[in-house]
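Following: one structure in structure tokens, then a few remarks.
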Amino acid sequence: MSDLRALTMARVGLRRTGNSIATRDLLDFQLAHARARDAVHHPFDAMALGNEIEAIGLPRLIYESAARDRTEYLRRPDLGRRLSADSEQYLPFAGGPFDVVFIVGDGLSPQAVQTQAAPLLHLVTSRLDRASWNIAPVIIVQQARVAIGDEIGATVRASLAVMLIGERPGLSASDSMGVYLTWAPQLGRTDAERNCISNIRPDGLSIGAATELLLLLMHAARARCLSGVELKVAVPGRIETSGSY
């Protein structure tokens with residue numbers, strides 16, 4: 001069983017004392033649960049992230065969802081999928097049309113995007129041909145859910161929306177970032193119409209590997225004018241896949 005534990009962070013082969021879990025494993029579980037809760041409520045410094053993004057040469061704009069605070073965000077997921085009235089009013093000034101808009105949302109793990117969003121954006125944008133990819137200002141959104149990228153992408157008239165967001169913390173990972181790609185974003189898009197690269201974190205999928213997958217998906221989506229389960233891409237070392245990872 002120790003060999004199996006060495007291969008995964010999952011809680012397998014837990015020790016027992018009688019009918020109960022051993023004290024050490026119970027305390028470890030409670031610590032992981034506390035870290036997951038802390039990750040959800042970790043403050044998101046949108047301005048600091050915006051400064052990092054500007055430092056790598058990308059213009060950025062900061063907006064908010066319709067959720068007024070973290071409590072409302074957690075209780076009303078629907079509000080995190082729409083822009084606030086003020087943001088909706090000013091977002092059209094971002095211009096357009098664009099080939100792609102990158103959106104960064106705090107999601108359910110703000111620290112994940114706080115530390116990983118700027119490095120990933122730097123790698124991805126440095127690999128894109130600026131002569132053929134017209135990139136919108138990076139949109140940073142506070143109290144955001146994945147689907148808010150549909151409204152933003154449609155508003156700025158972007159062909160492709162790429163959403164970087166903190167993923168729901170688990171008991172083995174509280175610092176995971178996900179990337180969601182949607183072709184022709186518009187209100188009402190379903191999860192089946194977007195692709196996801198998940199588990200981007202130091203102990204999971206590296207930023208470098210995530211960059212390679214994202215670039216592959218972006219070019220495939222643009223070439224075929226679609227995303228989601230119908231987007232088939234050939235990933236080196238893998239069988240042909242729908243592009244949801």
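Laboratory data are not the source of any read-out in this text; all were calculated from the coordinates shown. Owing to the predicted nature of the structure, the values given are computational and were not obtained by experimental measurement. No Cβ is skipped: glycine too gets one built from the backbone with ideal geometry, and neighbour counts run over all protein chains shown.
Odds and ends about this structure:
- Inter-part distance where the range 130-149 and the range 72-99 are each reduced to a Cα centre, Å: 11 Å
- Rounded to the nearest 500, the helix-only mean residue ellipticity at 222 nm of the chain stands at -11000 deg cm²/dmol, with each DSSP H run of n ≥ 4 adding -39,500 (n - 2.57).
- Nitroxide proxy distance, nm - points 7 Å out along Cα→Cβ at residue 62 and residue 35: 2.9 nm
- Modelled label reach - residue 74, point 7 Å along Cα→Cβ, the range 115-153 residues with backbone N closer than 19 Å: 142-146
- Candidate membrane-span-like segments in the chain, meaning DSSP H helices with Cα atoms spread over at least 20 Å of their own axis and a Kyte-Doolittle mean of 0.0 or above, are 110-127, 207-224, with no membrane implied.
- Judged by the mean number of other Cβ atoms found within 10 Å, the most tightly packed of the peptides 210-219, 155-164, 223-232 leads the ranking 155-164, 210-219, 223-232.
- Per-peptide packing, taken as the mean over residues of other Cβ atoms within 10 Å, places 81-90, 61-70 in the sequence 61-70, 81-90 from highest down.
- FRET efficiency for residue 216 and residue 51, using Cβ-Cβ distance with R0 set to 22 Å, rounded to 0.05: 0.15
- Among [x] 17.3, 52; [y] 18.2, 59; [z] 19.1, 67, the entry derived from the coordinates for Rg and Dmax of the Cα atoms in Å: [z]
- Choice from 208, 107, 178 with maximal GNM fluctuation in the chain (Cα, 10 Å cutoff): 208
- Considering only 156, 213, 97, the residue lying farthest towards the positive end of the dipole of the chain is 213, judged by Cα position with unit charges set on Cβ.
- With each label modelled as a point 7 angstrom along the Cα→C-beta vector, the residue 223-residue 115 pair spans 3.6 nm.
- Distance-filtered residues of the range 175-191 - backbone nitrogen under 19 Å, label point 7 angstrom along residue 230 Cα→Cβ: 181-191
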